[in-house]
1. Out of the range 577-601, which residues are touching a Leu at 6+ places or on another chain (Cβ under 8 Å), within 17 Å of H480 (Cα to Cα) and surrounded by fewer than 18 Cβ atoms within 10 Å (Cβ to Cβ)?
2. Of P115, P135, P85, P128, which residue is part of a helix (DSSP H, G or I) and either out of contact with any strand residue (DSSP E or B) (no Cβ under 6 Å at 6 or more places or on another chain) or at pLDDT 85 or above (or both)?
3. Give the range 277-298 a look and list any residue that's buried (at least 24 other Cβ atoms within 10 Å of the Cβ) and polar (S, T, N, Q), or say none.
4. Just give me the residues in the range 459-478 being buried (at least 17 other Cβ atoms within 10 Å of the Cβ) and not in a loop (DSSP other than H, G, I, E, B), in sequence order.
5. Those residues that are closer than 10 Å to D343 by Cα, of a type outside the set (A, V, I, L, M) and in a helix (DSSP H, G or I), I need them from the range 537-550; list them, please.
6. Regarding the range 490-509, can at least one residue be identified that is surrounded by fewer than 17 Cβ atoms within 10 Å (Cβ to Cβ), modelled with pLDDT under 90 and not in a helix (DSSP H, G or I)?
7. So P473 fits all but one of (1) outside the structural domain of D356 (by TED's automatic domain parsing); (2) within 30 Å of D352 (Cβ to Cβ); what number is the exception?
Amino acid sequence: MTTTPTSDTDRTRAPSDRLATSLADPGRVDDRTRLVALSFLMLFVELALIRWAGSNVIYLSYFSNFVLLGSFLGIGIGFLRARRPRDLSGWAPVALGLFVLAVAVFPVRITQDDPDLFTFSSLSVGGPPREVVLPLVFGASAIVLALITEGVARTFARFDNLDAYKYDLFGSIAGIAAFSALSFLRLPPLAWGVVVAVVMVALMVPRVPRLPQLAALAVLLVVLGVESFAPNLSWSPYYKIEARPNPDLDGQLQVDVNGVPHQVHQLPEFAPGKGVYDVIPDPVDGNVLIIGAGGGNDVATALERGAAHVDAVEIDPRLYELGRDRHPARPYDDPRVQIHINDGRAFLERTDRRYDLIVLALPDSITLVSGQSALRLESYLFTQEALDAARERLTDDGIFTMYNYYRQPWLIDRYGSMLTESYGHEPCAQEVVPAFGPDGVALFGFTASPRPEQLDCTAAARARVWTPSGDIPEPATDDHPFPYVRERTLPTLYVVSLSLILIASVIAVRVAAGPLRSLTRYGDLFFMGVAFLLLETKNVVQFALLFGTTWFVNALVFAGVLSSVLLAIAVSKRVTFRRPVLLYGLLAASLVVAWLMPADALLDLSLVPRFLAAVTIAFFPIFTANLVFTQRFKDTGDSTTAFAANLLGAMVGGVLEYMALVTGYRMLLVVVAVLYGLAFLTGRRHLVAPS
């Protein structure tokens, strides 16, 4: 954090630069274009792997962080390998092709034990076991990204530190923009593969024979092409969707997402959730809000029950389109229906309409918000604050109902307790479909109202006033939005898996980089990487709460983060702080402000003030943190090792992100402050005013 030369700077700069110069191939493009393009490729492949692997390996629908952790490890190793004489980056196409081929040949899918019963059958996993799949995916992701990144790092070292960082960020932002554009256009994986193949052919100047590279890219395109043009398959911004008539269900349309049975388009008299409406007075003659409208089953039921107006909220545009075009009742053609492609919680917070009936209709996303958090798309719909928000949107005699498939009695008790807190009385609880299958799955519904006397909890079969079956878990909240986690603890699977990841990572770094002593001189940059990943994750989930868990909001947050980093680079290139220690003080102050401004306070603001406040509170600490980083990084002599230390710290931050399962997300700010404190202590000798 100073321009005063230090011993590691003077001794290592010239040899490192000479090594980079001697090994970097000038290729067919200039170094600046090459660095931007390879950085684009690096981030684009990372996003594509998270998305594509998650659509073929069901475990990754809930553990996509494993791909992210593997990517961070690979990127760090790639930068460490920039010092090695032999360049392996030319093998990246081969590694990627083999990875894609292996996943395509051995996918992990959900199968039905009884194909004659879609709704009332149990499900099981078909494919390699989880203990085999997750380590292989983690390792393969690391290898692919390490090889791509080695090409980035060898070009990175040819520039001034901050210029290299700047060009790397330009490429990263372009990678996010390109992948977001393909998601917006809903193009299939073949389009992603074509982008990757074009960049690899243009920039991966062969250091191995051309035949293996071209053959691997051909395999990549063939595998993705076969999947992209498979009958009945389409892609949304969230899922791989298969929609086909099910002959065992009289040809009704069955919709699977990411290999999991998800919906069947059924007429109201056959829909599995029709029994939920038996508790509700008939007719429903007012305004109805349906969150999780999907193919339209509940929309059709509400119309049949006499709804005057239906706001149908569905986060996935493709699921809505399938319902619009192929549902037998054609509910979306009715002029009383208005569709909203949006996050359900975001719609609740923004609408001014009052409703006579609000329905949470089987909102189960089967995916995470991003590869960087344990937050599912629907998590913020099932917090205490969300249920309170739904209560505020009801008319004085309005009715709220929610239903889903539940395996655990404690989850039913959690929701029953939360609804009791929101409405001041115990809700009606109804076992719409009795428990079935080896897992004891039941279709269970809750109904509540500000005027409980209008509900007849005995009017429907297997309905009653809810009473707890045992100890009631604490409610899920906006700060701890994990309704499917019973207690504030790390599941054993997470503890074992993350421990093995850390052990494997240490071994991999040792093999790739040699003795770890070379990294210890950048301990402060390592702690900055850990802290920054946690800070970034906190902002991702906060924006998901404030503006919705949509792919577009998520893409904007990552672009905003990288833009904040670019701004910090621009400042650091022009300004050397005379007292760099003060930047830590400014960072600490910004973290305190973020801590003192909880998310629920921002939710009370209208949209524009909420956006301005959220951007300021979220991105000012990121900007300040990167001023701290860039002031330190710009004068390091071995830029690739220093950057690797920071990236490996980010991987550890990805592991620590699971602490939110115990502490909640707000407490991560305290952990961030402690980590920057460790960076301050380990980097004190660099906090010297320039001469």
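The values are calculated or read from the model by the stated rules, or taken from the named source; none is laboratory data. For clarity, every value in this text was computed on a predicted model and none was experimentally measured. In this analysis, Cβ positions are derived from the backbone assuming ideal geometry, glycine residues included, and neighbour counts consider all displayed protein chains.
1. Passing the criteria: only W595.
2. Selected residue: P135, the only one of P115, P135, P85, P128 that is part of a helix (DSSP H, G or I) and either out of contact with any strand residue (DSSP E or B) (no Cβ under 6 Å at 6 or more places or on another chain) or at pLDDT 85 or above (or both).
3. Hit for the range 277-298 is N297, nothing else.
4. Result: A463, single match.
5. Result: F547, single match.
6. yes
7. Going through the list (1) outside the structural domain of D356 (by TED's automatic domain parsing); (2) within 30 Å of D352 (Cβ to Cβ), P473 breaks only (2).
Matching residues to (1) farther than 23 Å from T550 by Cα; (2) of a type outside the set (S, T, Y):
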{"position": "V144", "(1), (2)": "yes, yes"}
{"position": "I148", "(1), (2)": "yes, yes"}
{"position": "G151", "(1), (2)": "yes, yes"}
{"position": "L162", "(1), (2)": "yes, yes"}
{"position": "Y165", "(1), (2)": "yes, no"}
{"position": "D168", "(1), (2)": "yes, yes"}
{"position": "F179", "(1), (2)": "no, yes"}
{"position": "R186", "(1), (2)": "no, yes"}
{"position": "G193", "(1), (2)": "yes, yes"}
